[in-house]
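Taken together, the values in this text are just the output of simple stated rules run on the coordinates, not laboratory data. Values in this document were obtained by computation on a predicted structure and should not be read as measured data. Positions of Cβ are generated from backbone atoms using ideal geometry, with glycine treated the same way; all protein chains shown enter the neighbour counts.
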Amino acid sequence: MRSRMGVPPTENVRTFIAITPAAELAKKLEATQDELRSALPDNAVGWIKPEQLHITLKFLGNIPDVKLDGVVAAANRACDGMASFRLTLEGVGCFPNTKVPRVIWIGMGGELEFLETLQNRIQTETGRFCECGERRGFRPHLTIGRVKVSGRAARKVGESVERVTVPPLGGWMICEVELVQSELLSEGPRYRKLTSIMLAGQ
């Protein structure tokens with residue numbers, strides 16, 4: 001027997017709520033990864049697969065299957081009345097900084113006030129389902145790579161990122177958010193969309 005979302009009952013499901021870039025932007029992001037890869041030391045960065053690129057609005061952690069419907073209902077409440085809005089991808093940088101980089105990201109522009117409102121509403125509505133509390137404030141970005149080295153090698157990655165100029169990649173309309181299952185496998189995470197929540201007017 002399986003749940004309506006295709007998840008075996010009584011199973012914990014590692015989930016997050018996210019926005020996915022439009023398909024045409026995913027191709028541009030892949031080209032940007034290739035450009036950065038050529039400028040960085042070999043095997044210093046683990047690059048996110050194009051089909052897995054996303055903007056995390058809320059990481060929920062391990063959720064019991066029986067609570068997934070409640071998560072969806074909470075996400076629907078968060079999205080209720082929210083109109084579609086436009087985001088753009090622009091710039092590149094590192095978290096926490098280029099001196100000790102752990103993540104390489106593409107920055108965001110456009111109607112960020114709507115994105116921040118949506119994220120805050122999702123945070124409020126789904127907070128009780130979270131495995132652990134969120135300690136960091138929301139910083140809109142799209143992770144494209146994770147640094148695998150440390151020390152001097154990591155600093156070289158940060159210096160290379162500082163020297164790279166990434167032109168604006170374009171934008172897209174945000175019409176939905178997704179509840180995604182994340183399975184941690186030996187070859188890397190595997191994502192599966194469980195459901196979509198449409199914004200107003202869609």
Q: Quick one: which residues, 5+ away or cross-chain, put their amide H under 5 Å from the amide H of residue 58? H built at 1.01 Å from N.
A: 17
Q) Restricting attention to the alpha-carbon atoms of the range 100-167, what are Rg (one decimal) and Dmax (integer), both in Å? A) 15.7, 42
**Q.** Projected label distance in nm at residue 149 and residue 90, using a 7 Å step from Cα toward the beta-carbon
**A.** 3.2 nm
Q. Once Rh for the chain is found with the Kirkwood sum over Cα pairs, what is the Stokes-Einstein diffusion coefficient at 20 °C and 1.002 mPa s, in µm²/s?
A. 120 µm²/s
Q) When the chain is treated as a GNM, springs tying every alpha-carbon pair under 10 Å, which of 61, 109, 81 comes out with the largest mean-square fluctuation? A) 81
Q | residue 76 paired with residue 138, simple spin-label distance in nm, labels 7 Å along Cα-to-beta-carbon | A | 2.1 nm
Q: Go through the range 49-58 residue by residue and turn each phi into a ³J(HN,Hα) via Karplus (6.51, -1.76, 1.60, θ = phi - 60°); whole Hz please, and just put x for glycine and proline.
A: 5, x, 6, 10, 5, 7, 10, 6, 8, 7
Q.
With θ taken as phi - 60° and the coefficients 6.51, -1.76 and 1.60, list the Karplus ³J(HN,Hα) couplings across the range 67-72 in order, rounded to whole Hz; mark glycine and proline as x.
A. 9, 4, 4, x, 4, 4
(Q) Quick one: 3J(HN,Hα) in Hz for the range 167-173, Karplus 6.51/-1.76/1.60 with θ = phi - 60°, rounded, Gly and Pro as x. (A) x, x, 8, x, x, 7, 8
Q: Would you work out which of 167, 48, 29 lies farthest towards the positive end of the dipole of the range 12-198? Charges go on Cβ: Lys and Arg +1, Asp and Glu -1.
A: 48
**Q.** Label point distance in nm, residue 117-residue 43, each placed 7 Å from Cα along Cα→Cβ
**A.** 4.9 nm
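Looking at the range 2-105, which GluC sites (Glu not before Pro) are in a loop (DSSP not H, G, I, E or B) and have at most 16 other Cβ atoms within 10 Å?
Taking the range 2-105 and a limit of 16 other Cβ atoms within 10 Å, the loop GluC sites (Glu not before Pro) found are 11.
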Q: Pull up all non-local amide H partners of residue 13: gap of 5 or more, or a different chain, and H-to-H distance under 5 Å with H placed in the peptide plane.
A: 63, 65
(Q) Quick check on my link table: of 27/99; 49/148; 99/148; 58/193; 67/193, which ones sit more than 22 Å apart, alpha carbon to alpha carbon? (A) 27/99
